[in-house]
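Chemist: The structure that follows is given in the form of structure tokens.
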Amino acid sequence: MRVVVSQVSGVPLYQQIVEQVRQQIMAGELAAGAALPSLRALAAELRVSLITTTRAYNDLAVEGLIVNVPGKGSFVAEIDPAAARRSSLERARAGLRQIVTHTRHTGLVSLEELTAMLAQEWER
């Protein structure tokens, strides 16, 4: 598992961990059943607090991406591709809903401009 965090990115550290681990699981880089580093080992490696790694692993467990086994550690869960796709679409919709709500209320950005920005970000 490869995780790199930035103290200055503006994105919470736990969220950086979640996003990177999620991406590696969804890309098949972390196979089902693979053991993840312990909470303490990951915290030490990344030089973050144990609370940060605990929050990240708990969020991943809530998403169904990992399984926390008391006394044994955390492991990559079996992923149902259809469920993973639904989850990804739900996260995307929630993010888009938030953006649309914010930009619609300002009245300063048109749907066409927003669509063009989305296309640009997609191509990055």
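The values are calculated or read from the model by the stated rules, or taken from the named source; none is laboratory data. Nothing here was measured: the structure is a model prediction, and the numbers come from that model. The accessibility values were calculated without ligands, DNA or RNA, using every heavy atom of the protein model including side chains. Shrake-Rupley method; radii C 1.70, N 1.55, O 1.52, S 1.80 Å.
Chemist: 222 nm [θ] for the chain, helices only, -39500 (n - 2.57) per DSSP H run of 4+, per residue, to 500?
Modeler: Computed ellipticity for the chain at 222 nm equals -19500 deg cm²/dmol.
Chemist: Roll a 1.4 angstrom probe over the protein heavy atoms and tell me the percent of accessible area of segment 1-91 that is carbon or sulfur.
Modeler: It is 56 percent, rounded to a whole number.
Chemist: Determine the per residue accessible area of the chain with all protein chains present and a 1.4 angstrom probe, expressed in square angstrom.
Modeler: Counting only protein heavy atoms, the per-residue value for the chain is 70 Å².
Chemist: Mind checking which of S38, S87, S110 has the largest fluctuation in a GNM of the chain, springs on alpha carbons under 10 Å?
Modeler: Residue with maximal mean-square fluctuation among S38, S87, S110: S110.
Chemist: Also, quick follow-up: What's the extension gain from A31 to R104 if we count 0.36 nm per residue and subtract their Cα-Cα distance?
Modeler: Length gained between A31 and R104: 22.1 nm.
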